[in-house]
Amino acid sequence: MGVQRSTVIFAWLLLLPAVLYVVVIVAYPLVDTVILSFTDASLKKVTNWVGFENYAKIFNDTFGSVIVRTFIWTFFSVSIKMIIGTCGAMLLNAAVPGRALFRVLTMPPWVVPMAIGIFMWGWMYNGQFGMISGLLQRFGLVDSPVAFLAYGSTAFWATIITDVWIGVPMVTLYMLAAMQAIPQDLHEAAWTDGAGRFYRLRRITLPLMVPSMVTMSMLSLISTFNSFDIIWILTRGGPNGETTTMIIDTYRTAIGSYKYGEGSARAVLICIFLSLFCLAYFRLTSRFSAGAKR
């Protein structure tokens, strides 16, 4: 009995750092944010309890369009990253000369500090001295310099391209690892039976990669949905709010305008969306696990 009790105490001592981390770093800020979302907390006045007034303001102003824009931005960014990353993994997995070198060359966008990479893309998008505008003019595709970040439609896609450039290496390496985990015996048996390369890809490789694709898609979705650095450094949500996503609007409200209560309500809404994404991920992974056991 005494040995069992000491084992339990020792186990709790081992868990104590993780428990403290969750309570101090995760639970307390989350609870405090939820409480603030029901107040009119700001830098200029005494905090009062306002109930659901901050949440009502969210759906009464332009935040609805910000939500739609965030989902569109996330959808295109994640979709392009998954397509390019999966195709890149297939190419890196092929038996071609210099394969190791190509694998190394996929790393720079991920290794380079994010801020430096974003500033580099900002210079490339510049209409006066940017490389992209210069190349378009040299090849006769445009007649005058194009300031990609000065117009809503081009700025929106410019931020997506930058996010794709940063995120593709991680997707590529993850999908490459998933591809190499597929038993080679399955491909050899199919090849012996006369199956072609496309048939093996469609019937063996892709079906076995579906769980990894779902996992990578959800991780990329959560990261992209909550992305702040790319848009803030490139456009700060402009021009005219055309690249303002939920995280940018939350920052502007809470930090830029010192409306901590309204900003907290927006942050809680982001947390709810991310929680729904996580719930969907857990349900999908449990379904795949159940199917694998069968």
Exercise. Order these peptides, 246-255, 201-210, by their mean beta-carbon neighbour count within 10 angstrom, highest first.
Key: 246-255, 201-210
Quiz item: In whole Hz, what ³J(HN,Hα) sequence does region 156-170 give by Karplus (6.51, -1.76, 1.60; θ = phi - 60°), x for Gly and Pro?
Solution: 4, 6, 5, 5, 5, 4, 5, 5, 5, 4, 6, x, 4, x, 5
Self-check item: Dipole magnitude (debye, nearest 20) for the chain, charges at Cβ of Lys, Arg, Asp, Glu
Solution: 580
Quiz item: For the chain, how many pairs of lysine residues have a Cα-Cα distance under 30 Å, where the two are 8 or more positions apart or belong to different chains?
Solution: 5
Quiz item: Can you tell me the Rg and Dmax of region 174-294, counting just the alpha carbons, in angstroms?
Solution: 21.3, 68
Quiz item: Which chymotrypsin sites (Phe, Trp or Tyr not before Pro) in region 1-88 pass both tests, a DSSP loop state and at most 15 other beta-carbon atoms within 10 Å?
Solution: 52
Quiz prompt | Nearest-0.05 FRET efficiency for residue 84 and residue 129, computed from C-beta distance (R0 22 Å) | solution = 0.20
Quiz item: Reported to two decimal places, what Rg/Rh ratio describes the chain when computed on Cα atoms with Rh from the Kirkwood expression?
Solution: 1.06
Practice problem: Multiply the residue separation of residue 61 and residue 141 by 0.36 nm, subtract the distance between their alpha-carbon atoms, and state the gained length in nm to one decimal. | Solution: 24.8 nm
Practice problem: Express the relative contact order of the chain as a whole percentage, based on alpha carbon pairs under 8 Å and six or more residues apart in sequence. | Solution: 27
Quiz item: Tell me, what is the percent relative contact order of region 100-191, built from C-alpha pairs under 8 Å that lie six or more residues apart?
Solution: 26
Self-check item: Estimated distance in nm for a label pair at residue 228 and residue 201, the labels positioned 7 Å out from Cα along Cα-to-Cβ
Solution: 4.1
Quiz item: Quick one: Cα convex hull volume of region 113-155, Å³ per residue?
Solution: 69
Quiz item: How high is the relative contact order of region 33-161, in percent, counting Cα pairs under 8 Å that sit 6 or more residues apart?
Solution: 13
Quiz item: Modelled label-to-label distance, residue 112 and residue 72, 7 Å Cα→beta-carbon offset: nm?
Solution: 2.8
Quiz prompt | C-alpha center-to-center spacing [region 1-77, region 229-250] in angstrom | solution = 23
Quiz item: Around residue 89, with a cut-off of 15 angstrom between Cβ atoms, what is the net charge of the other residues, counting Lys and Arg +1 and Asp and Glu -1?
Solution: +3
Practice problem: Determine the sum of side-chain charges near residue 189: Lys and Arg each +1, Asp and Glu each -1, restricted to other residues whose C-beta is under 13 angstrom from that of residue 189. | Solution: -1
Quiz item: How big is D for region 60-136, in µm² s⁻¹ as a whole number, if Stokes-Einstein is applied with the Kirkwood radius of its Cα pairs at 4 °C and 1.567 mPa s?
Solution: 82
Self-check item: Shape box of region 1-110 [Cα atoms, principal axes, largest first, Å]
Solution: 67, 62, 24
Self-check item: Formal net charge of residues neighbouring residue 245 (Cβ-Cβ distance under 15 Å; K, R +1; D, E -1)
Solution: 0
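Rule-based calculations on the coordinates, nothing more; no lab input. What you see is a predicted model; the values in this text were computed from it and never measured. Counting neighbours? That spans all protein chains shown, and the Cβs are built from the backbone with ideal geometry, glycine included.
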